[in-house]
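Trainee: The structure is given below, and queries will be raised subsequently.
The values are calculated or read from the model by the stated rules, or taken from the named source; none is laboratory data. Just so you know, these numbers come straight off a predicted model, no measurement behind them. Cβ: placed from backbone, ideal geometry, glycine included. Neighbour counts: every protein chain shown. Heads up: the accessible areas ignore ligands, DNA and RNA and are worked out on the full protein's heavy atoms, side chains in. Shrake-Rupley method; radii C 1.70, N 1.55, O 1.52, S 1.80 Å.
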Amino acid sequence: MRLSRRSLLATTTAAVAASAAPAVAAPGPGSGHGGGRTLRTGFERLAADGYALLDGRRVGMVTNPTGITRDVRHIVDVMHADGRVDLAAVFGPEHGFRGTAQAGGSEGRYDDPATGLPVYDTYLKSGQALADIFTASGVDTVVFDIQDAGARFYTYIWTLFDCMEAAQLAGLSFVVLDRPNPVTGRAALGPVLHKEFATFVGRQPISQAHGMTVAELALLFNEEFLTAPVALETVKMSGWKRSDFYDASGMPWVPPSPNMPTPETALVYAGTCLFEGTNLSEGRGTTRPFELLGAEGVDGRWAAAANELGLAGVRFREAYFAPTFSKFQGKTIGGVQLHVHDREAFDPVRTGIGLLITAKRSWSGFAWREDNWIDKLTGSTQVRTMIDAGADTDEVVGGWQQELAAFRRKRRNHLLYR
């Protein structure tokens, strides 16, 4: 019997989920959801099943500091110490396996001091070059377990895509261990990437806030975007609902990258990261990156204009701060701080657009980056050109609704949770 690719993926996912048992150690009080639900990550379910899925396989892990257990041990350390797993290599993304590198950096090739395992650098590597690294490592199965932040331009999901593609080229199996989307999986929001604007902050046409988990994205990538599908298996979470924010998981928060210190950062990131495409600071070098925005010469008029928009779930405070690195390092600048008071109502992408428009109208020094990086972040020229033409927030947001509706229909086919 010949199965379609979608049928094969669905069968594989169901089989893995069915084989997974409750976590090895029950989470303690307060560590799960309300209503008697307890979340168990993909790794917890894999471990509870005695790593049966990986039996007889030579494994390489794609992970970073977020690959932790509920008691904050790193899963590589746990698996390395367990004789039931043949863990042979680790592959580090942007910022590195142990997380020592800043934005746009990685750790290179080294042997991990804690485990002695070889660590290979995947950052900015793709296609056959990455496939050759997988082959050289001697593994036959690549396992991915990294905490995402829910935005298209957060690079770990494109590390996932690149690793899936490379594993297929190398003839390897690929396993994704699922973790929560920290800002819920309720809805896809924002503009959809146009393929001619593809970069490492957006390889494929998905929306700016995708509203999916990494396992769901893997299914989407395999079915819709890879030239040829990889032999993919996913290990679902149990006890997660699409409406859950990260604090419902009971899992500790480990910053997925240096400028994503809290779940509150992730909540606004899909909108305020757009300021990377401007001459304003997006708050890097402060204790509240992506919540603080500003530049020299900005004053209280910006916060007042932003508040006048009446954006749902958020208020804006006039703020002054001095970044310790990145834009305006060591200078005191003015701007706004976002205060989300109703995260259920808050729309980060609409908020980001409103802030761009009001910044441009209230500060004469506003400018886009000369390389038009904003087009890479939003996925086309549309947002930039509409704002430059004087469009208001409703008009800009309305401009992507047709493409977003098409993506939402495609996305629906790959959702694993209610």
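Trainee: With r as the distance between the Cβ atoms of Glu308 and Arg58 and R0 = 56 Å, compute the FRET efficiency 1/(1 + (r/R0)^6) and round to 0.05.
Mentor: 0.40
Trainee: Tell me the label-point distance for the pair Arg84, Gln402, using the 7 Å Cα-to-Cβ offset, in nm and rounded to one decimal.
Mentor: Computed distance between label sites Arg84 and Gln402 equals 5.4 nm.
Trainee: Can you compute 3J(HN,Hα) from phi for each residue in the stretch 58-68, using the Karplus curve 6.51 cos²θ - 1.76 cosθ + 1.60 with θ = phi - 60°, rounded to whole Hz and x for Gly and Pro?
Mentor: The phi angles translate into 9, 9, x, 9, 9, 7, 8, x, 7, x, 10 Hz.
Trainee: Probe of 1.4 angstrom, ligands and nucleic acids ignored: what's the accessible area per residue over the stretch 70-121, in square angstrom?
Mentor: For the stretch 70-121, the per-residue accessible area is 43 Å².
Trainee: Which one is right for this structure if volume of the Cα convex hull per residue in Å³ is calculated from it: (i) 160; (ii) 125; (iii) 140?
Mentor: Computed from the coordinates, volume of the Cα convex hull per residue in Å³ corresponds to (iii).
Trainee: Sticking with this structure for a sec: I'd like to check one number: the per residue accessible area of the stretch 149-193, probe 1.4 Å, reported in Å² as a whole number.
Mentor: Value for the stretch 149-193: 16 Å² per residue.
Trainee: Could I ask something else about it? Structure shown: which of Lys195/Lys327; Lys327/Lys410; Lys125/Lys236; Lys125/Lys410; Lys327/Lys376; Lys241/Lys360 lie over 31 Å apart, alpha-carbon to alpha-carbon?
Mentor: On the way: Lys195/Lys327 29 Å; Lys327/Lys410 38 Å; Lys125/Lys236 27 Å; Lys125/Lys410 28 Å; Lys327/Lys376 19 Å; Lys241/Lys360 39 Å.
Pairs exceeding 31 Å: Lys327/Lys410; Lys241/Lys360.
Trainee: Please report, as a whole percent, how much of the solvent-accessible surface of the chain comes from carbon and sulfur atoms (probe radius 1.4 Å).
Mentor: The C+S portion of the solvent-accessible surface of the chain is 50 percent.
Trainee: Figure the gain on full extension for Tyr320 and Asp111 (residue separation times 0.36 nm, minus the Cα-Cα span) and round it to one decimal in nm.
Mentor: The span from Tyr320 to Asp111 would gain 70.9 nm if fully extended.
Trainee: Ranking request for peptides 126-133, 324-331: highest mean number of other beta-carbon atoms within 10 Å first, then the rest in descending order.
Mentor: Working: 126-133: 16.5, 324-331: 14.0.
So the order, starting with the most tightly packed, is 126-133, 324-331.
Trainee: Figure the gain on full extension for Thr199 and Asn413 (residue separation times 0.36 nm, minus the Cα-Cα span) and round it to one decimal in nm.
Mentor: Length gained, Thr199 through Asn413: 74.5 nm.
Trainee: Test of understanding: extend the Cα→C-beta vector of Glu224 to 7 Å, then name every residue of the stretch 401-418 with backbone N under 13 Å from that spot.
Mentor: It comes to 403-416, nothing else.
Trainee: What is the packing order of peptides 217-226, 348-357, 112-121, 245-254, taking the mean over residues of other C-beta atoms within 10 Å and listing the highest first?
Mentor: Details: 217-226: 22.0, 348-357: 25.9, 112-121: 16.0, 245-254: 18.6.
Descending packing order for the listed peptides: 348-357, 217-226, 245-254, 112-121.
Trainee: If you stretched the chain out fully between Arg186 and Arg37, how much longer would it get, using 0.36 nm times the residue separation minus the C-alpha to C-alpha distance?
Mentor: Value of the extension gain: 51.8 nm.
Trainee: Still on this model: Please list, in order along the stretch 243-250, the HN-Hα scalar couplings obtained from phi with the Karplus expression 6.51 cos²θ - 1.76 cosθ + 1.60 (θ = phi - 60°), rounded to whole Hz, x for Gly and Pro.
Mentor: 7, 7, 7, 4, 5, 6, 6, x
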